[in-house]
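Worksheet for the structure shown next.
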Amino acid sequence: MMEMKLKKKDKCVLRALLESGRLSYSELGRRCGISRQVAFERVKKLSEEGVINGFSVCLDADKLGFSFKAYVLIIAKPEEKLRNELAEFLRNSKNVRKIQLLFGRFDFFIELLFRDKEEMTEFIRRMHSFGAVERTETFIVYQTIKDKPEDPFMECLSE
């Protein structure tokens, strides 16, 4: 996919929204030197073009009782039907935050959140019950040093 060329004002709008997605259009316009209506139109245009995929809230997993975070790498058997069943199970699992398909030795990379070790153990057991799972490698997070998914975008959006 080709990189999109953004106007200076669009970059300003995106930076401001990454810093605080709760800005009003008036405040967004003030920060970027444009009117409230122009700020609204820029956000609408960037949404329609798919640059903005939506707005969300960043929740504190620990405060909501999800203090157990893990990553699992999966080597799956090659049968497409089995892989599709596994992918469907993962898509529908409440503990799965992210599923990524990989090139290389592993086929799936999944990010998971659990309330405790027992919940994780049950999930891994259910996942292994699928005929598609050949092997897994699980990584349990004991401390997060940085969690700023917006950081890679901030530099490319600078003037």
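What follows draws every value from the coordinates through simple rules; no lab data is involved. All values derive from a computational prediction rather than experimental measurement. Positions of Cβ are backbone-derived with ideal geometry, glycine not excepted, and every protein chain shown enters the neighbour counts.
Here are the numbers for the structure shown:
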read-out	value
Shape call, region 1-84: gyration tensor on alpha carbons, a/c limit 1.5	oblate
Low-density loop cleavage sites - GluC sites (Glu not before Pro) in region 63-133, where at most 12 other Cβ are within 10 Å (DSSP)	Glu79
Relative contact order, percent, region 8-57 [alpha-carbon distance under 8 Å, six or more residues apart]	30
The chain - charge dipole about Cα centre, Lys and Arg +1 at Cβ, Asp and Glu -1, debye rounded to 20	560
Förster radius 41 Å - calculated FRET efficiency between Leu59 and Lys8, Cβ distance, rounded to 0.05	0.80
Gyration tensor verdict on region 52-91 (Cα atoms; rounded if a/c is under 1.5, prolate if a/b is larger than b/c, oblate otherwise)	oblate
Mean residue ellipticity (222 nm) of the chain, computed from DSSP H runs ≥ 4 via -39,500 (n - 2.57), nearest 500	-12000 deg cm²/dmol
Furthest towards positive pole of dipole, Pro149, Gly104, Cys12, structure part the chain, Cβ charges	Cys12
Extension gain (nm, one decimal) between Glu134 and Glu48, 0.36 nm per residue minus Cα-Cα	26.8 nm
DSSP loop trypsin sites (Lys or Arg not before Pro) with at most 10 other Cβ within 10 Å excluded, longest remaining stretch of the chain	23-93
Shape category assigned to region 57-158 from the gyration tensor of Cα positions, a/c cut at 1.5	oblate
Relative contact order [Cα under 8 Å, 6+ residues apart], the chain, whole percent	26
Listed residue (Ser158, Leu86, Thr121) projecting farthest to the positive dipole end of the chain, Cβ model	Ser158
